[in-house]
Structure formats: C-alpha cells, structure tokens
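The values are calculated or read from the model by the stated rules, or taken from the named source; none is laboratory data. Source: prediction; values computed, not measured. Reconstructed Cβ throughout: ideal geometry from the backbone, glycine too, with neighbour counts over all protein chains shown. Surface areas here come from the heavy atoms of the whole protein model, side chains and all, with no ligands, DNA or RNA. Shrake-Rupley method; radii C 1.70, N 1.55, O 1.52, S 1.80 Å.
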Amino acid sequence: MSSAVWHPYAHLASQPPAPCVTGGKGTHFRLSTGEELLDATCSWWCMIHGYGHPRLVRAIQQQAETLCHVMLGGLTHEPADQLASELVRITPDGLNHVFFSDSGSVGMEVAMKMAVQYHYLRGQPQKHRMLSLMKAYHGDTAGCMAVCDPEEGMHSLFAGFLPQHHFAPAPEAGFDAPPEAVSRDLAALRAVLEQHHEEIGALLMEPLLQAAGGLNMTSPDYLRGARALCDEFDVLLIFDEVATGFGRTGATFAADHADVSPDIMVLSKGLTGGYLGHAATLANDAVHDTFIGDSPLHAFMHGPTFMGNPLACRVALESLRVFEDDDYLARIGRLNGMLRDGLTGDEDLRHHPDVANVRTLGATGVIEVKDPSRLTGVAEQARRNGVWLRPFGRWLYTMPAYITSDEEMQRIIHAMKAPFIG
C-alpha cells in the first residue's frame with residue numbers, strides 16, 4: 001500500500017513498508033495481512049487497557065452524542081470539571097489546580113512557561129533557565145527538546161536552534177540502591193544548584209523511570225532529596241509523569257513511591273487510556289496563587305485549541321474508573337513479579353556476554369545490550385512469533401497493557417529472551 005504518511009523516527013531511504021493495522025481487541029492488534037500481534041509496547045506506553053475496551057469505547061460514543069468539542073476559553077463543561085476534580089483527588093497532596101492541553105510535550109511546555117512566569121511575578125525574572133537531568137527525554141517540541149539529554153538524546157541536530165539550559169548528571173543509584181549511592185547522586189545535583197540556582201527556575205525530572213532516554217531506573221530516595229534541594233534553593237520541582245503516571249512504576253504515580261509532592265506535575269499517555277490525545281499540567285497553590293492579580297502580566301498566556309476536549313475528558317474519567325474498579329495496581333504487581341522472575345531472575349540472560357544490564361520496575365522490563373547492532377532483526381523475529389516489540393538504541397523493552405494475561409506475559413518474556421538464550 002502506497003502512503004503519503006511521513007512516519008516518525010524513520011529513515012526515509014531505507015524504512016520498510018509500515019504494516020497496516022485494521023483493528024484491535026484486548027492486548028492484540030490485527031494487520032491487513034491477517035496477523036494478530038500481541039502488543040508488548042502498549043502503543044508507546046499509553047494503551048493501558050488494551051484495544052477496544054468496551055467501557056472506554058462506550059464513553060466516547062455517549063459523549064459524542066452530546067458535545068464533541070467546545071473552546072475552554074471563557075467556557076467550561078462537565079467532563080472537564082469532573083476530570084480536574086478527579087485528578088486533584090488521585091495525585092499527590094497539594095496539586096489542586098489543573099491546566100489541560102493536548103499532548104505530553106505541550107503539557108511540559110506549559111509547565112516550563114508556568115515556572116518562568118511564576119518567578120517573574122515574584123520579582124525574580126532572572127530565574128528563567130531550567131535544570132534537567134542527563135538521559136532525560138521530555139518531548140519533541142522546541143522547548144522540550146532543549147531540556148532533553150544534549151549528548152545522547154535524539155535532538156543534537158537542533159542544538160543551535162534551542163535555548164541553553166542546565167543539566168545535572170543522571171542518577172546512577174537504582175530503585176533499591178543503598179543510601180550512600182543515592183547520596184552521591186544528590187551531591188552531583190547539589191553542585192549544579194549551588195552554582196546556578198540564581199538563574200534556575202525549575203528542576204525537571206521523570207521520577208524513577210527515565211523513559212525514552214534509555215529507561216534508566218532510579219531511587220525514591222533521589223526524589224526525596226531533590227525535593228529538599230529545590231526547597232533549599234527556591235527552585236520549583238516539576239515531575240514529568242507522562243510515561244510513569246497511571247501505574248507504570250507499580251504505584252499510581254511514581255511520586256507515590258517516595259511520598260513526595262512536586263510543585264507541578266504533567267500527565268498524558270495513560271490519562272485517557274491511550275484512546276485520545278490529552279494532557280494535564282497540575283500545580284500547587286503556591287504556584288497557582290502567584291498568578292492572582294490585576295496586572296495583564298498575571299494572565300497565563302497559553303491556550304491550546306483542544307485543551308479540555310470533552311471527548312478526551314470523558315474517556316479519561318472512564319479510564320480512571322476502570323483503573324480503580326479492576327484493581328490495576330494488583331494486576332501491575334503480578335506483571336512485575338513475572339518480569340522479575342523471567343528477566344532479572346534469569347542468570348543466563350543477565351550474564352550473557354552481549355547484555356549490559358537487565359532491569360524491571362512496575363510493568364516495565366528492559367534488556368540493555370552493549371552494542372545496538374545486537375538488536376538488529378529482533379523486532380522481525382518477535383513478529384514471526386506473534387509479538388510486537390520495537391527496540392530502540394541499545395534497549396529492548398516491554399511496557400505491556402495492564403490487562404495482559406499470565407500466558408501473554410510469558411510470550412512477551414520469551415520473545416525478549418529468544419535472541420540471547422533461545
């Protein structure tokens with residue numbers, strides 16, 4: 001099938017024809033060839049309920065009969081009001097104000113603009129730089145590219161176009177690391193803040209799981225230490241929970257592992273169960289109330305056309321209900337146990353000469369290889385066995401839908417291990 005579609009992250013001269021998806025049900029999607037593929041990547045980590053979930057489909061259909069879209073400028077509607085209230089209920093304490101947008105990248109742009117204007121309104125206009133972490137990925141829009149890892153990230157081509165921000169070393173201490181290892185990571189973060197805090201407005205962080213930057217998994221103690229450092233240096237703490245939110249790390253939000261509340265939190269992907277694009281940037285009272293004033297400068301000048309889209313809000317509400325009604329945290333715990341047993345518990349895999357590291361966290365499993373060429377052909381091999389895997393760089397990973405059965409999880413684990421131990 002010829003197509004005018006320009007596909008993402010593709011080498012146009014060498015990319016093979018993209019398989020055409022004709023439908024999906026549960027954990028599988030169907031191709032025009034008749035193949036049924038078990039989706040091990042959750043369609044870029046968002047289809048947490050799988051495909052064609054009847055409650056989510058029905059929610060969209062019912063909302064479409066009433067109101068598909070209306071501008072949120074000067075107006076409101078029940079789905080947006082209800083979703084904002086529910087997000088305040090389930091997120092860490094203090095995040096009482098919700099600004100909607102239409103994608104994770106835009107949600108992060110909102111967060112950064114919010115932080116800069118917050119400091120401006122407090123008489124600190126010089127605090128207009130961000131502090132990010134190496135191995136970070138926060139999105140592909142211009143502002144987000146500027147806070148992604150400038151060395152190993154995918155945006156180095158645009159370096160001359162982007163504003164310059166500050167970076168701290170990526171934390172190296174893993175989820176269960178001893179305190180002394182986390183202390184070294186926090187000392188490196190402190191060093192950057194001590195030197196540049198007068199111009200840093202916010203620290204951006206993917207808590208516990210740095211996703212597209214290499215699936216680095218870090219310690220809850222690092223979050224607690226980062227919170228204390230931000231308070232000490234008058235820097236806002238922004239959690240990018242686009243990938244980590246809604247259960248991916250084993251808790252509803254990664255912040256919950258550390259009992260930490262950021263000043264600003266960004267949500268997307270699993271927010272709608274992947275059924276429609278939508279995002280939310282939540283802020284605490286201190287940030288929000290700074291914008292209360294009569295000056296034209298107090299208005300937050302941002303307003304995506306499709307922010308608060310009624311269809312997206314309604315399906316997000318239903319997604320949250322399914323998450324709680326069906327006890328997804330217990331399901332995620334079961335998936336994590338299988339990933340730990342099948343990946344990190346496999347001595348032959350961990351000690352394979354081509355494997356650099358094997359790690360798991362929540363409903364995420366990663367095999368990191370020493371040379372990315374070692375993963376050539378892995379996706380095709382998995383497809384022949386009915387599993388859709390999409391490795392990138394040195395990382396072969398799974399982030400399955402939470403409805404994945406035990407038998408399906410074993411098939412995914414086998415497909416990941418097959419290139420190494422058969």
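Put simply, the amide H of Ser101, placed in the peptide plane, has neighbours under 5 Å in Ala279, Ala280, Thr281, Gly308, leaving out anything fewer than 5 places away on its chain.
A Förster radius of 25 Å combined with the Cβ-Cβ distance from Val5 to Leu157 puts the calculated FRET efficiency at roughly 0.65. Shown for segment 186-239: the carbon plus sulfur share of the solvent-accessible area, taken with all protein chains present and a 1.4 angstrom probe, equals 47%. Measuring nothing but protein heavy atoms, the accessible surface of segment 1-151 at 1.4 Å probe radius is 57 percent carbon and sulfur.
Potential lengthening of the chain between Asn385 and Gln61 amounts to 113.2 nm, from the contour at 0.36 nm per residue minus the alpha-carbon distance. Note: relative contact order over segment 227-325, using C-alpha pairs below 8 Å and six or more positions apart, is 22 percent. Each principal axis of the Cα cloud of segment 248-291 was taken in turn, and the coordinate range along them, longest first, works out to 34, 26, 7 Å.
Looking at the chain, the DSSP beta bridges with both ends there are about 65 percent antiparallel. Which distance in Å, rounded to a whole number, links the C-alpha centroids of segment 360-388 and segment 248-305? Using only Cα atoms, the two centres lie 33 Å from each other. Label sites at Glu232 and Asp259, each approximated as a point 7 angstrom past Cα along Cα to Cβ, lie 2.1 nm apart. Each residue, Glu180 and Arg350, gets one label point 7 Å from its Cα in the Cβ direction; the gap between the two is 2.1 nm.
Loop-resident chymotrypsin sites (Phe, Trp or Tyr not before Pro) (DSSP state other than H, G, I, E or B) in segment 196-280 with no more than 14 further Cβ atoms inside 10 Å of their Cβ are absent. Accessible area per residue for segment 261-378, computed on protein heavy atoms with a 1.4 Å probe, is 40 Å².
Short-range pairs are left out: with C-alpha atoms under 8 Å and at least six residues apart, the relative contact order of the chain is 21 percent. Per residue, the accessible area of segment 58-201 comes to 50 Å² when a 1.4 Å probe rolls over the protein heavy atoms.
Cross-link partners of Lys269 among aspartates and glutamates, defined as those whose alpha carbon lies under 15 angstrom from its own and excluding same-chain residues fewer than eight positions apart: Asp102, Asp140, Glu206, Asp240, Glu241, Glu318.
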